[in-house]
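*Asks:* My questions all concern the structure below.
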Amino acid sequence: MKKRTLISILLTAVLAVSALAGCSSKGGDKAENGKNASPSSDQTTVKAFIMGGATFPDGEDINHNPWMTMLREETGVDLQIQYGPAAADEYMNKLNLMLASGDIPDLFIIPSANQSWLMDNAKLGAIMRLDGKLDAYANLMNAVYPEAWDAVTYNGGIYGVPVLADGNSATDNVYIRKDWLDKLKLDVPKTLDEFVKVAKAFKEQDPDGNGKADTLGLIAYDNMLAWSSLFGAFGVIPGYWVEKNGTLVPADIQPEMKDALAYIHQLFADKVLDNEWPITKKAAYEEKVANGKAGLYEGSWAAARSEIQTSRQNDPKADWIAIAPPVGPGGKQGVFGGPKYKSIIAISSKAKNVDAILKLLDWQAVPENRDKFVFGFGQYGENFMYTKKDGSIELNFDNHNKYGYRQQLMFMQPKELNEQKMEALGPQFKLNDMIKLSIQYGIPNAFTGAPTPSMVENQSALDKLRQETFTKIIIGELPVSAFDDFVASYKAKGGDKIMKEVADWYAEKK
Amino acid sequence: MRSAALSDRIGHAANLILLAMMGLVALFPFLHVLSQSLSSHTAIVSGRVTVYPVGLQLEAYHQLLQDRAFYRSFGVAIVRTVLGTAINMTLTCLMAYSLSRKHLKGRGLIMNMVIFTMIFNGGMIPTFLLLKQLHLLDTLWSLILPSAVSAFNLILLKNFFQSIPESLVESARIDGAGHGVILWRLFIPLSLPAMATLTLFYAVMHWNTYFDAVMYINNPKLLPLQVYLRNVIVLNDSNMNVTDFSGATLISRESLKAATIIASVVPMIAVYPFVQHYFVKGVMLGAVKE
Amino acid sequence: MKRGVFVKGLEKTLRADWMLYLFLVPGVAYFIIFKYLPMYGVVIAFQDYSPFLGISGSEFVGWKHFARFFTDDEFATVFRNTLLISLYKLVFGFPVPILLALMLNEVRIGWFKKTTQTLLYIPHFFSWVIFGGIVIQVLSSTGIVNSVLQLFGMEPVLFLAQKEYFRSIIVISDIVKESGWASIIYLAAIAGVDPALYEAARMDGAKKRHEIWHITLPCISSTIMILLILRLGSILELGVQQVFMLYNPLVYEVGDIIDTYVYRVGLTEQKYSFATAVGLFQSVVGLILIYLANGLAKRFGKGGLW
């Protein structure tokens, strides 16, 4: 008797749990389409999975808004977006989950940092091979720099479409305070020695005139690329590859790097270089500029809109100008050059509608169409998103931010710099000049390919070794001669294998 | 007698002073973030904000509070937390009670099984696939069921239940009380501090967890508060380049970050007094013997 | 014969305790469905797993990832650092919440007690991104600590760049951040102590410290024991966030831990397999310790987890 009751109760419990499991709950907007991406059957439907997080005005979302409507009309493609997480690593995690469960979207956009993920999956057959299919799409081809294709090439096949940043390949510039130069009666420095003299003067001669020894010389922070101009003066950028004797070698182990380190170490020892740099993070670095403690530093091409602007707000006399990076003893100069792409569009190998996708991308690669997103269109254009004043365009920032999501609908970025947009963000920032200057002096990474197998295996250990060694040499914990041991370790820990693979890659390219 | 009172008083005073100092140290980060949320962008990035606002502005909160998505995600978080905690506490109490009965056959086996799961788990992908098979993805249940019982909390509660004198249980059984009544009328009232604590633990877990929501939920209307707040921060952070919208947003980016943190922490602070209420000492061992 | 007796015994057990077993059903069902069913994922540690190929499609590689981990040049360093930091946190950090709870318990002023309790547990809610940022500021050359040092005429010290200080910074900042929250469970345990015991002791002339030593502590000792044992279960799992925020190349030797190492290496291919393998190692060590500690606790009559 009791046993039967027990069993029936157990059964009911199990049923209850599964019933609970079956019902979904509040807010499940099941009427909405495109939420769970799976390969589309309709020839003109494209399901995309992109990074999200933007806010929307009432009643709108990523699939229902003026720009999406316009895009669908003009391309004839029914784009359905699954809005993903805003953070890159969460996005990648979710993408992996989708792969694992077989629910792969037609199109997704990989940040450049995850390039090796793309190539791994290309090798496994998850990504569609695109060479041969792209030639028909002139605008698309036009929007990609030739060397950028290297990054998505494997065994002769092309597995993605590299997308530019809208600052093109601009990275950093060297900035200096002209008002401090004038106060101390110094000229704009051109050579490395002149730079150091100026930095020293900034530190010691009280350029802000407040009687306190609170100004700094050269500043830096824990990311070595961020003060690449000092390395560029020797022609070597940490972590990059450089051409020598007809092949590519790692800049990290070149004798020029040893010279650079010796020089920088001296700067540190002479207290010209901020001794706090190894524990300074980016925000603290920019803070020193913003609060008027530093007068010479390397910042992003958009710095005029951030820390430099804050510096001006704090001190209206602050007159920052961008200058060419210092010329080193060997006549070299430069900052780290940016890659010719910031993200990669990838198409699933299971996608059935590649033509629709490419047509969409091609349409987006046309500068006029891009401007429909940046500057709006029709009623959302003039006098809404921007106003024309004396021939120049001024963005209406309220609407620009309120409808900021529209920029996420732009998957492509034409090669032509959107000078109008840069102007519109604020002519006083002179962003177009900043971009051009940065590109002019950018030293690109000569290795533009996808990470080689040995790189995947060993690069993180080598990077750590480099960071540790270089930091210690600069602050003097290790002697400069330790560089030679570093070179030996680097080669032994996989550096040799990597060098061979890169050399092979380079030979094949030529 | 006198000296005892004096040394006691010194002891008390020292205690208070020490605690006050520690309290202030703990308060500092909160004040710092709160001040940032109310300060101007310029002051924040110039490093001028310490424990009070500089360049007072309410823009950050204004921006948060005027976004419908903020309220919606707040509501989702509340539903998740309340529903989730209710399920957590129910299951945990039931299990802890049974497992605290020393004579129960199979007790050791089940305990081993529970502890084993504290150490070994299949990971994100198998759990995701399971939820997919059960059709729980994109529902609130995907946030509640996978964490229905915390082994840690279960062990704690079982331990508390075990410390209730057997004699009480005996007399209740003699009076004819079934297990349900014993649990409800005896154990739970006697363990109020533990119950309150575990409720707090579960509630905080639900309130603060965002990773599961990010992975299991696609519907933007179903995203809980933490995800919304994180998106606000991350999006604004990654938008340092002109690639996007941060024109005027730049003005309040840092204070917006701070405001989101305050927005998520304040409810937790507000909840604590209710928990403390139950930390009444030596709850009525005698009183329950009715 | 035996089987008959067994079945009879089972029946008898079920009849008497059927309600108890009923209570267990939902919870056990939960563990089976949501914890044990997905457990097959552990096999990822023994494969070159790729989400695209899935578990069935990924190649089985046996102990490859474990071998890679154990033979890595960095293994000795990260293992040692993890163990040391964990032990320091245990020895110095574990007692603090208990002390806090005892101290708070003695406060007679209602509002002070409630306010301090609330204040102390706030830092727990900040992520290490925020809290770490504050620690960095406080210890920077223009931060509070160095300002005080300069008042006394001393040179500013870059604490976070010094190997001698790094582990202490990790331990201390963690104590500041988490002790308040961790003391809650002890407060709950203390609240469960029968006041009659205190009265009896006071009548016998016991002083405050006797009360604490002979009554409070013994009464909460089982809670302490359980928390200690559970803590040992995660001895090699420090979590990546704190160290990642606070470390830099100058302190890698003393500060690089298993979790930061896995994070760095795992940023490439096979991140899942490698991370799962190392995680498995961390878990197994933890499990062994739990069993050992539990056994010891029982031997000394302190009860145990089960």
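Bear in mind these aren't lab numbers, they're just calculated from the coordinates by the rules spelled out. Just so it is clear, the structure is predicted and the values come from calculations on it, not from any experiment. No Cβ is skipped: glycine too gets one built from the backbone with ideal geometry, and neighbour counts run over all protein chains shown.
*Asks:* Taking the Cβ of C:L160 as the center, what net charge do the other residues with Cβ under 13 Å away carry, scoring Lys and Arg +1 and Asp and Glu -1?
*Replies:* 0
*Asks:* Further, regarding this structure: Quick test of the membrane-span-like rule: which DSSP H helices of chain B reach at least 30 Å along their long axis (C-alpha atoms) with mean Kyte hydropathy at least 0.0?
*Replies:* B:2-37, B:68-100, B:253-276
*Asks:* Hey, if you drop one equal point scatterer on each alpha-carbon of region B:1-57 and run the Debye formula without solvent, what base-10 log of I(q)/I(0) do you get at q = 0.24, 0.26, 0.27, 0.30 Å⁻¹?
*Replies:* With no solvent term, the Cα-only Debye profile gives -0.84, -0.89, -0.92, -1.02.
*Asks:* Cross-link candidates for A:K430: which aspartates and glutamates have Cα within less than 12 Å, leaving aside residues fewer than 8 places away along the same chain?
*Replies:* Here the aspartates and glutamates satisfying the reach criterion relative to A:K430 are A:E419.
*Asks:* Please give the Cα centre distance for region C:212-257 versus region A:72-124, rounded to the nearest Å.
*Replies:* 39 Å
*Asks:* Sticking with this structure for a sec: Take the residue pairs A:K123/A:K497; A:K133/A:K415; A:K185/A:K258 and return only those whose Cα atoms are more than 24 Å apart.
*Replies:* Beyond 24 Å between Cα atoms: A:K185/A:K258.
*Asks:* Just tell me how shielded C:286-295 is by partners: mean number of partner chain Cβ atoms within 10 Å of each residue's Cβ, no decimals.
*Replies:* Partner Cβ neighbours, averaged per residue: 2.
*Asks:* Looking at the protein assembly as shown, what % of its DSSP beta bridges pair antiparallel, to the nearest 5?
*Replies:* Just about 70 percent of them are antiparallel.
*Asks:* Can you give me the Rg/Rh ratio for region B:50-194, using Cα atoms for both radii and the Kirkwood formula for Rh?
*Replies:* Answer for region B:50-194: 1.14.
*Asks:* 5 Å is the cut-off here: which amide hydrogens, built 1.01 Å from N in the peptide plane, fall below it relative to A:D78, excluding neighbours closer than 5 in sequence?
*Replies:* Counting only residues 5 or more places away or on other chains, the set is A:T45, A:V46.
*Asks:* Bin all alpha-carbon pair distances of region A:151-239 at 5 Å intervals from 0 and give each bin's fraction as a whole percent.
*Replies:* Over region A:151-239, the share of Cα pairs per 5 Å bin runs 3, 11, 16, 16, 14, 12, 9, 5, 4, 4, 3, 2, 0 percent.
*Asks:* So what does the Cα-only Debye profile of region A:285-354 read at q = 0.17, 0.26 Å⁻¹, as log10 I(q)/I(0), no solvent term?
*Replies:* -0.75, -1.14
*Asks:* Separate question: If one takes the longest principal axis of the Cα atoms in chain A, at what angle in degrees, from 0 to 90 and to the nearest 10, does the Cα axis of helix A:192-204 lie?
*Replies:* 90 degrees
*Asks:* Give me P(r) over region C:170-239, computed from all C-alpha to C-alpha distances, binned every 10 Å, as integer percentages.
*Replies:* 17, 39, 28, 13, 3
*Asks:* Once you have the Kirkwood Rh of chain A from its Cα pairs, apply Stokes-Einstein at 25 °C and 0.890 mPa s and quote D in µm²/s.
*Replies:* After rounding, the answer is 95 µm²/s.
*Asks:* Which order, highest average first, do A:384-394, C:188-198, A:280-290 follow once you tally other Cβ atoms within 10 Å for each residue and take the mean per peptide?
*Replies:* Highest-to-lowest ranking by the protection proxy: A:280-290, C:188-198, A:384-394.
*Asks:* Which aspartates and glutamates does A:K509 reach when only Cα atoms under 14 Å apart count, and residues fewer than 8 places away in its own chain are ignored?
*Replies:* In chain and number order, the partners are A:E147, A:D150, A:E243, A:E501.
*Asks:* OK, next. For a bin width of 10 Å, list the pair-distance distribution of the protein assembly as shown built from all Cα-Cα distances, rounded to whole %.
*Replies:* Per 10 Å bin, starting at zero, the Cα-Cα P(r) for the protein assembly as shown comes out as 2, 9, 17, 22, 21, 15, 9, 4, 2, 0, 0 percent.
*Asks:* Roughly how tilted is helix A:66-75, in degrees to the nearest 10 and between 0 and 90, from the longest Cα axis of chain A?
*Replies:* Tilt of helix A:66-75: around 80 degrees.
*Asks:* Can you give the Rg and Dmax of chain C based on its C-alpha atoms, in angstrom?
*Replies:* Rg and Dmax of chain C, Cα atoms, are 24.9, 89 Å.
*Asks:* Place +1 on the Cβ of every Lys and Arg and -1 on the Cβ of every Asp and Glu in chain B, take the dipole about the Cα centre, and give the residue among B:V54, B:V214, B:L200 whose Cα lies farthest towards its positive end.
*Replies:* My answer, from the dipole projection, is B:L200.
*Asks:* Still on this structure, I have one more. Percent relative contact order of region B:1-57, based on C-alpha pairs within less than 8 angstrom and at least six residues apart?
*Replies:* Worked out over region B:1-57, it gives 28 percent.
*Asks:* As a test of understanding, state the convex hull volume per residue of region B:99-150 from its alpha carbons, in Å³.
*Replies:* So the per-residue hull volume is 100 Å³.
*Asks:* Moving on to the next point. In whole angstrom, note down how far apart the Cα centers of region C:60-132 and region A:206-276 are.
*Replies:* Result: 37 Å between the Cα centres.
*Asks:* Count, for each residue of C:272-280, the Cβ atoms from other chains sitting within 10 Å of its Cβ, then give me the mean as a whole number.
*Replies:* 2
*Asks:* Which one of A:S343, A:V242, C:Y30 is farthest out on the positive end of the charge dipole of the protein assembly as shown, using unit charges on Cβ (Lys, Arg +1; Asp, Glu -1) and the Cα centre as origin?
*Replies:* C:Y30
*Asks:* Taking only the C-alpha atoms, wrap a convex hull around region A:211-296 and report its volume per residue in Å³ as a whole number.
*Replies:* Spelled out: Cα convex hull of region A:211-296, divided by residues, is 93 Å³.
*Asks:* If you build the Cα gyration tensor of region A:282-402 and take the root of 5 times each eigenvalue, what three semi-axes come out, in whole angstrom, biggest first?
*Replies:* Sorted largest first and rounded, they come to 37, 26, 14 Å.
*Asks:* Using only Cα atoms, locate the centre of region A:297-369 and the centre of region A:133-204, then give the distance between them in Å, rounded to an integer.
*Replies:* Between the Cα centre of region A:297-369 and that of region A:133-204, the gap is 7 Å.
*Asks:* Given the convex hull over the Cα atoms of chain B, what projected area results after averaging over all orientations, in nm²?
*Replies:* 22.8 nm²
*Asks:* Once you keep just the Cα pairs under 8 angstrom separated by 6 or more residues, what percentage relative contact order results for chain A?
*Replies:* Across chain A, relative contact order equals 22 percent.
*Asks:* I've got another one for you. In debye to the nearest 20, how big a dipole does the protein assembly as shown give about its Cα centre with +1 on each Lys and Arg Cβ and -1 on each Asp and Glu Cβ?
*Replies:* For the protein assembly as shown, the charge dipole is close to 4640 debye.
*Asks:* How far is helix A:255-269 tilted off the main Cα axis of chain A, in degrees rounded to 10, range 0 to 90?
*Replies:* 70 degrees
*Asks:* For each pair in A:K352/B:K132; A:K340/A:K436; A:K282/B:K257; A:K271/A:K472; A:K212/A:K271, compute the distance between the two Cα atoms and list the pairs where it is over 20 Å.
*Replies:* A:K352/B:K132
*Asks:* Given the -39500 (n - 2.57) contribution per DSSP H run of 4+ residues, what per-residue ellipticity at 222 nm results for chain C, rounded to the nearest 500 deg cm²/dmol?
*Replies:* Calculated at 222 nm, the ellipticity per residue is -21000 deg cm²/dmol.
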